[in-house]
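The values are calculated or read from the model by the stated rules, or taken from the named source; none is laboratory data. Remember, predicted model here, so these are calculated numbers, not experimental data. Neighbour counts are summed over all protein chains in view; Cβ atoms, including those assigned to glycine, are modelled from backbone coordinates with ideal geometry.
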Amino acid sequence: MTIPQTPVFEGITAEECRRIYECFGVRERRFKPEEQIYDFGSGGHSIGILVSGSAIVERVDRRGDRTILEHLLPGGVFGEMLMFQNVLGDSIDVSCEKSCSVWFFPQEKLENRCEKNCGHHNRMIENMFHLIAEKATALSERVEVLSRRSIRDKLLCYFSLQQAKNGGSFTLPFSLSALADYISTDRSAMMRELKKLREGGVVQIEGRKVTILAEDIAP
């Protein structure tokens with residue numbers, strides 16, 4: 001059994017993870033690229049942890065426009081208790097990007113304290129609260145990017161946030177097409193702006209690798 005490397009299991013031993021797997025009745029499933037993993041509108045009361053591969057949390061509005069909300073790598077967590085309310089009734093789901101394996105936990109197991117006061121169970125619940133706080137931070141970063149009016153400023157804001165986390169050279173967590181969805185703009189228009197940034201000596205882009213060349217790129 002492969003144990004996910006995730007903040008949810010921080011401070012919990014491998015043996016305790018195995019006991020959690022059995023006690024919680026965890027289901028493990030495998031998915032192929034583009035296959036739907038989870039539908040937030042189905043009312044499924046479970047929490048998913050990505051064991052391997054990668055996935056995308058995306059919103060599709062009534063016009064069919066697609067917006068990436070989050071990119072999930074091994075250890076990534078998703079579920080209704082971690083998602084803000086969908087007031088517009090748009091379709092929100094998790095789809096497989098690269099072949100992946102997922103652990104599904106019953107949500108009620110993570111909402112209530114253990115009757116036996118098991119230390120690893122209580123620690124896992126505490127970790128979930130920390131994770132919710134981190135996701136709130138990620139959402140605020142997304143709002144910061146989307147609040148910029150021009151495509152150029154959205155790109156520079158996103159690159160600036162990545163630079164603060166990873167330094168002057170970093171790898172995008174998704175493709176350029178997905179980046180266009182993330183900043184909610186047309187891909188062709190975004191590619192034109194990226195070309196201008198490269199020609200202006202602001203950034204260097206090779207595939208998914210981005211290197212910041214300018215001293216200050218804050219929009």
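Points worth noting:
- Across the stretch 135-180, the number of residues qualifying as among the hydroxyl-bearing types (Ser, Thr, Tyr) and assigned to a helix (DSSP H, G or I) comes to 5.
- Looking only at the stretch 47-69, and only at residues there that are among the charged types (D, E, K, R) and modelled with pLDDT under 85, the one that is nearest to residue 109 (Cα to Cα): 59
- Residue tally, condition surrounded by fewer than 16 Cβ atoms within 10 Å (Cβ to Cβ) and modelled with pLDDT of 75 or more, over the stretch 108-122: 3
- Among the residues of the stretch 7-25, those identified as touching a strand residue (DSSP E or B) at 6+ places or on another chain (Cβ under 7 Å) and crowded, with 18+ Cβ neighbours inside 10 Å are 8, 24.
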